[in-house]
Structure formats: structure tokens, C-alpha cells
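To keep things clear, I will list the structure first and then write my remarks on it.
The values are calculated or read from the model by the stated rules, or taken from the named source; none is laboratory data. Small disclaimer: the values here were computed from a predicted structure and weren't measured. With ideal geometry, Cβ positions are generated from the backbone for all residues, glycine too; neighbour counts draw on all protein chains shown. Just the protein is used for accessible areas: all its heavy atoms, side chains included, with ligands, DNA and RNA removed. Shrake-Rupley method; radii C 1.70, N 1.55, O 1.52, S 1.80 Å.
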There are 2 protein chains.
Amino acid sequence: MGQEVPVKRDEIITLDHGSGGLKTKELIEGLFLEMLSNPLLDTLEDSAVFNVNGGRVAFTTDSYVVDPIVFPGGDIGALSVHGTINDLAMKGAWPLALSLGLILEEGLEMKVLERVLDSVARASKEAGVMVATGDTKVVPKGKGDKIFINTTGLGAIPGGIDIGVHRVLPGDVIISSGTIGDHGITILTQREGLKFAGDLKSDSQPLHRLVKGLIEELGEDLHCLRDPTRGGVATVLVEVAERAGVPMEIFEDRLPIREEVRATAELLGLDPLYLANEGKLLCWVPERCSDKALEVMRGYEEGKDAAVIGRVVQGDQGRVVLNTIIGGKRAIFALSGTPLPRIC
Amino acid sequence: MGQEVPVKRDEIITLDHGSGGLKTKELIEGLFLEMLSNPLLDTLEDSAVFNVNGGRVAFTTDSYVVDPIVFPGGDIGALSVHGTINDLAMKGAWPLALSLGLILEEGLEMKVLERVLDSVARASKEAGVMVATGDTKVVPKGKGDKIFINTTGLGAIPGGIDIGVHRVLPGDVIISSGTIGDHGITILTQREGLKFAGDLKSDSQPLHRLVKGLIEELGEDLHCLRDPTRGGVATVLVEVAERAGVPMEIFEDRLPIREEVRATAELLGLDPLYLANEGKLLCWVPERCSDKALEVMRGYEEGKDAAVIGRVVQGDQGRVVLNTIIGGKRAIFALSGTPLPRIC
């Protein structure tokens, strides 16, 4: 055990604590785990996994506070369904039921609520999962912002499947199921009222079918899945590398990024590696399974742009290196100091 | 089928839509059920019940937006744990896991968050249930109000237990597990900065142990359980009577109400029957089981003031009548027109 230098805790909550980056990590590991520690929560995976009636289930929660609530490619309703289904899927679980908790701001137009609920209904129907239970609260004008949604999901994990950071190994390849940065750049440009040429839209979509396909073809060779939401691909890679305790490298020239996203991010001085995604996953499998995994993913519309973006290498330090297009190497860190608030 | 006159839907959300009374019902039955209808949601019970791996589970969600977040007898942290455990317990379920979704307002003092999390930790530990998964979002100052909490719960229902409105029958007695109105009056006086003599405090407490005791002693004679939170005892009675399609009567002189609550409610012009409770249940059992049920409840600290407050009578209309102390009869309706917002 090395010596640990205690970090001075912030005295107030800032937007950065919700960014999904370093400050979020500090809050969760420094405060939440300290106070609520238990074997399920301590795994810090996208879903908790435990036994119910002799079989394993996944259980996950997310609150959605995205601003604006309607955006190209989706809205807060569909996003809340997709996001929670995806967190279940990252543990290999098939969604059984969702809950829907709404916090509405007084003065919200009923037609906006109707639109959001319609979107929840369509997204859950399309994904084949029921909204089993719900709750609605109203807060006075100026004490909320239109609509916040919590969706909590319960899913069933097939027997023999064990997907998680603990199974990441040197020799694994890292595959992205598609293009990166689409959701984050769309929300940011919408919020700032920026108009660009091109067709930016969120990638909000459910991934449980694609994951089911991967499980069926790869079985226990499917080592780890993560959806790079807040904090983006970079932050997720750093988290997984740190927790697995192994180094990873990714290749800039292999990152699937749509040209509109790349150009807009460049204009805004943002790195697509840190932009949120809401319909993509990163997948770790042994190199020998690489082609098979790509083939499976590309068989689904939601995985048509799947690409190997990197690999896990030998070593005992959980760090991530980017091999740049011009042949250099750059260390990748978790999102820090540039909060991109209310992205989901 | 009688003719139905379509109700004109409100064009904006008001605080009354969150009161737990008629407007909430209108929103849920007129909009949510219309758009999201499915066999689980349509029961409108406190928890959805379905099969997982061959056994039945209960699944429930609640968001907590109580103002103030700290009050005599509890705070938003403990309340969110107790409230969700109680919604599970109303279907006879033992809590297996909770999720915790936080929406924090920028500028929240860290020590307030620490206090609330400490309260979540103590309440969940005391109740013997784990917070298995969590999520934290931050919204800009003025777009939230300190802290909102969503807790979603998963519970296991013992074999052979079927508790619900569909089992309420003429001949059932209605038992309250304790005094009514304590939580509601406490929050309202705190919020208004009112100081009264006496010792008002919230009844926030978990009821799963008491329910387990009832199940063990009464088995399938336990017909229905409801926790009278938003909208109070009156609104819950009306809901159950309407859904069961049978009339009920209650007796004013049997309502267990603490003297301080009665006096304060009178001063404020409020009826304790409409005040929220956060650690009480109403229970429907056949009259022959009445003494047994009371004995079981009184064996628990949380049921020490249990009392029979009414009964289900013969008839085919779901209405509720109060027999007053002075010998009159008064029809009881759901909460309407006097929103008591942010009570939980």
C-alpha cells in the first residue's frame, strides 16, 4: 500500500461534480462510497448485479436533466429509456422492467409533457420493455427546469455470463460499436444556439439487442462492456484501465468520428474523445475474437460503424496512451476542469 | 358502461398536479396510463408485481422533493429510504435493494450533502437493505432546489401472498397502524416558520418488519395494505373504495391523532385526514382477524398506536363516509383544490 495524501474536499457542489469526470469520481469515491459502502455499490459498474430467486439480475439507476429537453435525434424521454437499457446491457442483462420518476416544474406546458411521455412510450415499446411503475412530483416555478426524469431498470443476466472490468486482460482489443461524440456535440451546439452546416444528431439508441448478439456469439469471451456517456470515451477508458490495473493504447486514426462531428468539435475547441455518447459501447474481447465481434456488431444497424480502436497491453499501470495520426504518443486523462453540464 | 364526458385537460402543470389528490389522479389516469398503458402499470398499486426467475418481485419508484430537506423527525435522506421500503411493503415485499438517484443544485453545501447521505446510510443500514446502485447529476443554481432524491426499490414477495385492492371485501375492517397527520403537519409548520407549543415531528419510519409480522400471523387474510402519504388517509380510502367498487365508513372518534397534531391542524384550518404520513399504513382484513392484526401491530414500536378506524360495508358504489363525533355522516372525497406541495 502506498501512502495516500488526503484530498481536501470541496465545500460546495459545482457543475463539475456532475460532469462525469474527475470531480464526479472524487465525489463518488470520496463521499458516497465512504458513507454507503457495500459489496454491490463498491463495484462502481454501470449496474449492480445480485441474485434474485436463484438467478442473477442487474439493477441500475439514472437521472436525466438534459438541456434542451428536445434535440435532433431524440429528447429526454427516449434518452431516459435508452440510457437505462444500455446500463443494464453493459452487464449483459436483458431489460425486464423500467421505472419512471418525473419531477415537473410548475408551468410546464402539458403538450411538452405529452411529447416526452409519447417518446418514453415509443422508446420502451420499440425496445420491448415495460414501464412498470411511476411517480410524479411537481416543484414550484424556478425550483426545477421543465422536466427531470429518473429511470431505474431491472434486467436478467443469462447464466454463465460475467462481464466486467475485472475480466479485462492484456491482449484484449478495444472495439467501439460506432461513431463517437454525436450526442455531446449535438446537445452543446443546440444549447448554444449554434448553427452549423451538416447534420448533427444524437446517437440515442438502445444497445440490448446488439449485446445479446455479442453474448450469443462470443459467450464468455465477452470480457467487458462500457457505454461512454458523460466524460466520453477518454474518461471511460481511463476508468477501466485504472480499475483493471492494466495499460491501454488507442489509435487516433482508427477512431470512428463523423466528419460533421469532427469539424464542429474542432471549431469549438472540443475533443470528441470527451464528448458524451448515448447509443454506443466500448467492448473488450481477446484479439482472436476481434473479427467475430466486429462481424456481429456490423450485423446491427446500431453497430454498423463498429471499429477496433485500441488494445490492452502488458504492464502494471492503469494508464491510457493515444497514438496520434502524426506518429506521436499522448497520455489520455479523465475529463477534468471543463464541465459539459446537463449533457444527459 | 355509462356515458363518459371527456374532461378538458389542463394546459399547464400546476402544483396541484403533484398534490397526490384529484389533479394527480387526472394526470396519471388521463395522460400517463393512456400513453404508457401496460398490465403492470395499469394496476396503479404502490409497487408493480411481476415474476423474476420463477418468484414474484415488487418494483417501485419515488422521487423526493420535500421542502425543507431537514425537518423534526427526519430529513430527505431517511425519508427517501423509508418511503420506498414502505411502497414495497404495501405489496408484502421484503426489500432486496434500493437505487439512489441524486439531482443536486449547484452551490449546495457539501456538509448538507454529507448529512443527507449519512441519513440515507443510517436508514438503509437500520432497515437491512443495501443501496446497490446510484447516480448523481448537478443542475445550475436556480434550476433545482438543493437536493432531489429518487429511490427505486426491488423487493421479494413471499409465496402465496397476494395483497391488493382487488381483495378488499365487505366485512373487512380498516386498521391504521398508528397516528395520522404527523408528517404533513410537521413539514407545513416548518415551511411556514410557524412555532407552536408541543412536539411535532415526522413519523418517517420503515414498515417492512411490521408487514412481515402481519404476513406471518395473518397469511392470506391480509387483504390490502396502503401507506397514506400524499393526499392522506382520506385520499387513499377514496382511491381504494373506488377501485374495489365497495363503500367504506370510518369513525371520527376512532381516528388516532396526536393532540398536538389535532390542535395545530385546527389552528391552520387543515383536516388531519388529508395530511401526509410517512410511516403509517392502512390495512384491510376480515373482521374476525381484527384483534389478531391489532395485537401484531402493537407488538412493534411502529404499530403501537394501531387502531381500527372503519370498515367496508355492503354496496356497489366506491364511496367513503365519515361518521362524525356528533353523530352525523359526511362524505369523504379525495384531496382537491388545496395543494400541499412538496410534502415528500
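Within the same chain, lysines fewer than 8 places from A:LYS125 are excluded, and of the rest, those with a Cα less than 19 Å from its Cα are A:LYS212.
With the simple model of a label 7 Å out from the Cα in the direction of the Cβ, B:GLU109 to A:ARG288 spans 6.1 nm.
Put a dot 7 Å past the Cα of A:ASP118, heading toward its Cβ, do the same for A:LEU267, and the two dots end up 3.1 nm apart. Placing a label point 7 Å from Cα along the Cα-to-Cβ axis, B:GLU126 is separated from the same position in the other copies by 4.5 nm, shortest listed first. Two numbers describe the Cα atoms of segment A:75-230: Rg and Dmax, which are 17.8, 55 Å.
Which FRET efficiency, nearest 0.05, do A:GLU11 and A:ARG330 yield, Cβ-Cβ r, R0 56 Å?
Working: r = 34 Å, r/R0 = 0.60.
So, using R0 = 56 Å, E works out to roughly 0.95.
Taking amide H as placed 1.01 Å from N in the peptide plane, B:SER19 has its amide H under 5 Å from the amide H of B:THR24, each at least 5 places away in sequence or on another chain.
Let me know the charge dipole size of segment B:165-332 about its Cα centre in debye, to the nearest 20, where only the beta-carbon of Lys, Arg (+1) and Asp, Glu (-1) is charged.
Details: 21 positive and 27 negative charges, 48 e Å.
For segment B:165-332, the charge dipole is close to 220 debye.
Check each of the GluC sites (Glu not before Pro) in segment B:176-271 and keep only those in coil by DSSP with at most 10 other C-beta atoms within 10 angstrom; list them in order.
Numbers: sites: B:GLU192, B:GLU216, B:GLU217, B:GLU220, B:GLU239, B:GLU242, B:GLU249, B:GLU252, B:GLU259, B:GLU260, B:GLU266; in loops: B:GLU192.
Passing sites in segment B:176-271 are B:GLU192.
Please go through the residue pairs A:LYS111/B:LYS141; A:LYS201/A:LYS280; A:LYS146/B:LYS201; B:LYS25/B:LYS141 and name each one whose alpha carbons sit more than 24 Å apart in this structure. Violating the 24 Å limit, Cα to Cα: A:LYS111/B:LYS141; A:LYS146/B:LYS201; B:LYS25/B:LYS141. Chain A against chain B buries an accessible area of about 6500 Å², both chains summed, 1.4 Å probe radius. Using every pair of separate Cα atoms, the Kirkwood estimate puts the hydrodynamic radius of segment B:47-157 at 14.3 angstrom. Scaled to the globular estimate 2.2 N^0.38 Å, the Cα spread of segment A:286-326, given as radius of gyration, is 1.48.
With the cut-off at 1.5 for a/c, could you classify chain A from its C-alpha gyration tensor as rounded, prolate or oblate? In terms of gyration-tensor shape, rounded. Working from Cα pairs under 8 Å separated by at least six residues, relative contact order for segment B:202-344 is 40 percent.
For A:GLY142, the label point sits 7 Å beyond Cα toward Cβ; its separations from the matching points on the remaining copies run 1.0 nm, from shortest to longest.
Comparing the full protein assembly with the isolated chain, the residues of segment B:136-150 losing at least 10 square angstrom of accessible surface (1.4 Å probe) are B:THR136, B:LYS137, B:VAL138, B:VAL139, B:PRO140, B:GLY142, B:LYS143, B:GLY144, B:ASP145, B:PHE148, B:ASN150. Taking one quarter of the surface of the C-alpha convex hull of the protein assembly as shown gives a mean projected area of 31.2 nm². From the alpha carbon centroid of segment A:82-133 to that of segment A:18-49 is 24 Å. Annotation for A:ARG330, label-to-label distances across the other copies: 7.2 nm (shortest first, one decimal, point 7 Å from Cα along Cα→Cβ).
Annotation for A:GLU295 and A:ARG191: the two label points, set 7 Å from Cα along the Cα-Cβ direction, are 4.2 nm apart. Sites listed here are trypsin sites (Lys or Arg not before Pro) in segment A:1-87 whose DSSP assignment is loop and whose Cβ has at most 12 other Cβ atoms within 10 Å: A:LYS8, A:ARG9. Beta bridges from DSSP with both residues in the protein assembly as shown: antiparallel share about 80 percent, rounded to the nearest 5.
For segment B:134-188, trypsin sites (Lys or Arg not before Pro) meeting the loop criterion (DSSP other than H, G, I, E, B) and having at most 14 other Cβ atoms within 10 Å: B:LYS141. Summarising the amide proton neighbourhood of A:ILE174: residues at separation of 5 or more, or on other chains, whose placed amide H is nearer than 5 Å comprise A:ILE309, A:GLY310, A:ARG311, A:VAL312.
Below 8 Å, C-alpha to C-alpha, sequence gap of six or more: please give me the relative contact order for chain B in percent.
Numbers: 767 pairs, mean separation 82.1, N = 344.
Once normalised by length, the contact order is 24 percent.
Consider a paramagnetic label point 7 Å from the Cα of A:ARG167 along Cα→Cβ; state which residues of segment A:27-67 have an amide N under 19 Å from it. Only A:40, A:43-52, A:55-60 fall inside the zone, counting backbone N under 19 Å.
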